[in-house]
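The values are calculated or read from the model by the stated rules, or taken from the named source; none is laboratory data. Quick caveat: nothing in here was measured; it's all calculated off a predicted structure. Here the Cβ is made from the backbone with ideal geometry for all residues, glycine too, and neighbour counts use every protein chain on show. Please note that ligands, DNA and RNA were not included when accessible areas were found on the heavy atoms of the full protein model with its side chains. Shrake-Rupley method; radii C 1.70, N 1.55, O 1.52, S 1.80 Å.
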Amino acid sequence: MRRQIKKTVYKILQEEPYSRENDGYLIMRVIQELEPVMFKNNFEEVMQNLQFRGISFEGITRARRKFFEENPNLKIKKTEIARRKKEEEYFLEYGNHIPKI
């Protein structure tokens, strides 16, 4: 992971609240900040050349998760509620498939 990715992700998450709830927007903004020339190309070229520039989606989302671990007060409430509900549904469904011993 490039050192600049973490700093760029933190800066964008701090300044733009919409990026906290939309990963696609965050990835787009990071590419736009780090590689402005490549950002102007079409989608296919960007996706093919991204790995050669040292930028990965995993690195960006990893930095986002780390940001929220360090700043839990900036988490989006609506997103957090939806995530917890989905997690609860998963555990309830999982519990239905455990055989009784």
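Annotations for the structure displayed:
- Screening the chain for whole DSSP H helices of 15 Å or more along their axis (Cα) with average Kyte-Doolittle hydropathy at least -1.0 returns 3-15, 23-34.
- Cα-only Debye scattering, the chain: base-10 log of I(q)/I(0) at q = 0.10, 0.13, 0.23, 0.25 Å⁻¹: -0.38, -0.57, -1.16, -1.29
- Ranked by how many other beta carbons lie within 10 Å on average, peptides 39-46, 15-22 from highest: 15-22, 39-46
- Of the solvent-accessible surface of the chain, computed with a 1.4 Å probe and all protein chains present, 54% belongs to carbon and sulfur.
- Cα Rg over Rh - segment 1-44, Kirkwood: 0.97
- The alpha carbons of segment 28-80 occupy a box of 36, 19, 16 Å along the principal axes, longest dimension given first.
- Where labels lie 7 Å past Cα in the beta-carbon direction, separation of Asn71 and Glu15 in nm: 1.2 nm
- Per residue, the average separation of C-alpha pairs within less than 8 Å and at least 6 apart gives segment 1-80 a relative contact order of 41 percent.
- Helix content alone sets the calculated 222 nm mean residue ellipticity of the chain: runs of n ≥ 4 DSSP H residues at -39500 (n - 2.57) each, divided across all residues, give -21500 deg cm²/dmol.
- With protein chains left intact and a 1.4 Å probe, residues in the chain average 77 Å² of accessible area per residue.
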